[in-house]
Each structure stands twice: as structure tokens, then as C-alpha cells.
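The values are calculated or read from the model by the stated rules, or taken from the named source; none is laboratory data. As the structure is a computational prediction, the values presented were derived from the model and not from experiment. With ideal geometry, Cβ positions are generated from the backbone for all residues, glycine too; neighbour counts draw on all protein chains shown.
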Amino acid sequence: MPPLQRSDQIHTRIKGAEEIVQTYVMASVFIQHFESGGTFLDLDPEAVREHFMREFEEGKTLAADLKASATDYQRRQEGDQE
């Protein structure tokens, strides 16, 4: 299997960033729930849905910014190689 090209590495990292955002948001929801005295047994998904969606939208914005920065960086690197 050939080694990953620079552009493939950046794309892989971006996809990883999206997964990190999802994981971060889930952790945020659980932390808020546990800090307010909740347990696994009394977590009400409907009650935390608004917080999850708000955090998820923030995370998507951050991931989009990171993707744009990585794409700009990739284009500059490819332009330097020509």
C-alpha cells in the first residue's frame, strides 16, 4: 500500500475532527448532567436535546473553520510544489 499523500493526510485529519466534535459534544452533555446531580439511570434524552444541539452546532462551526484552514493550507502547499 502506498504511503498517504499530504492531501490524503489532511482529509483524514479533517474527518477525524468531525468525529472529535461529536465525541466532545456527547461528553459535554454527560458532564453537565452529572454535575447537576444526575446519573446514568435518570438521563432524559429529551431534556438534554437542546443543550446537545446547541453544542453540536458550535462544534460544526469549529470543524468547518478547521476544514477551511486545512484546505487553504493544502492549496498553498500544492502551489509551492509546482
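In this entry, ARG76 passes the filter for residues that are more than 21 Å from the chain's Cα centre (by Cα), surrounded by fewer than 14 Cβ atoms within 10 Å (Cβ to Cβ) and of a type in the set (Lys, Arg). Looking across the stretch 21-68, the residues that are polar (S, T, N, Q) and either loosely packed, with under 12 Cβ neighbours inside 10 Å or in contact with a Ser or Thr (Cβ under 6 Å, 6 or more places away or on another chain) (or both) come down to THR23, SER36, THR39, THR61. Might you check whether a residue that is acidic (Asp, Glu) and modelled with pLDDT under 85 occurs anywhere in the stretch 33-42? No, because not a single residue in the stretch 33-42 is acidic (Asp, Glu) and modelled with pLDDT under 85.
Can you say whether SER7 is surrounded by 12 or more Cβ atoms within 10 Å (Cβ to Cβ), under 21 Å from the mean Cα position of the chain (by Cα), modelled with pLDDT of 85 or more and of a type outside the set (A, V, I, L, M, F, W, C), as far as the supplied structure shows? Judged against the criteria, SER7 is not a match.
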